[in-house]
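Notes for the one structure printed next.
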Amino acid sequence: MIQTASDELSLYVNQDYSQPTAHLRRYTLRLDGMGSIRAGYAGGDVVTKPFTFEGSRLRMNYSTSAAGEIRVEIQNEEGSSIPGYTLGESNPLIGNRLDGEIGWKDGPDVSALVGKTIRLRLHMKDADLYALRFVLTT
């Protein structure tokens, strides 16, 4: 596999080797798209194990259908919602983004939680989550 665009990996396969119909076929895959957490139309939740992070913004590589979405809640170590970062305050993620920024009613800044042990609760409906990361922005 090789990266053929800023958002794409390509895999080339030789088909019908040694036959008159021999040809090369190209398959494409989104960047970092080898595996995902997937929720169907009925939806579902994923809760991470407790962890700490550094950074000021949370970004995700995701894809949803037009009817789907992802919402993110930040919880404390015990699993209780942290005010300002609840599921109800989360802006829904809809579409197909390699580096979409997560935000809540009061904005995307999560720097107040740096060094604290947290969990993420991801509420997903007809969606794939490929990767997430915390980044430092100024």
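Among the residues of segment 55-113, those identified as assigned to a strand (DSSP E or B), of a type in the set (Val, Ile, Thr) and more than 24 Å from SER6 (Cα to Cα) are VAL72, ILE74.
Is at least one residue of segment 46-65 open to solvent by 90 Å² or more (accessible area, probe 1.4 Å), closer than 29 Å to LYS125 by Cβ and not charged (D, E, K, R)? Checked segment 46-65: no residue is open to solvent by 90 Å² or more (accessible area, probe 1.4 Å), closer than 29 Å to LYS125 by Cβ and not charged (D, E, K, R). The sole residue among GLY95, GLY107, GLY115, GLY103 that is out of contact with any Phe, Trp or Tyr (no Cβ under 6 Å at 6 or more places or on another chain), closer than 14 Å to TYR62 by Cα and open to solvent by less than 60 Å² (accessible area, probe 1.4 Å) is GLY95. Candidates are the residues of segment 1-28 that are assigned to a loop (DSSP other than H, G, I, E, B) and open to solvent by 100 Å² or more (accessible area, probe 1.4 Å); the one that is nearest to ASN96 (Cα to Cα) is MET1. The lone criterion from (1) touching a strand residue (DSSP E or B) at 6+ places or on another chain (Cβ under 6 Å); (2) open to solvent by 30 Å² or more (accessible area, probe 1.4 Å) left unmet by ILE70 is number (2). For segment 29-45, the set of residues classified as at pLDDT 90 or above, open to solvent by less than 100 Å² (accessible area, probe 1.4 Å) and assigned to a strand (DSSP E or B) consists of ILE37, ALA39, GLY44, ASP45, listed by residue number. Condition check for PRO83 on (1) at positive phi; (2) open to solvent by 50 Å² or more (accessible area, probe 1.4 Å): one failure, at (1).
The values are calculated or read from the model by the stated rules, or taken from the named source; none is laboratory data. Since we're looking at a predicted model, the values are computed, not measured. FYI the Cβ positions are ideal-geometry reconstructions off the backbone, even for glycines, and counts take in every protein chain you see. Surface areas here come from the heavy atoms of the whole protein model, side chains and all, with no ligands, DNA or RNA. Shrake-Rupley method; radii C 1.70, N 1.55, O 1.52, S 1.80 Å.
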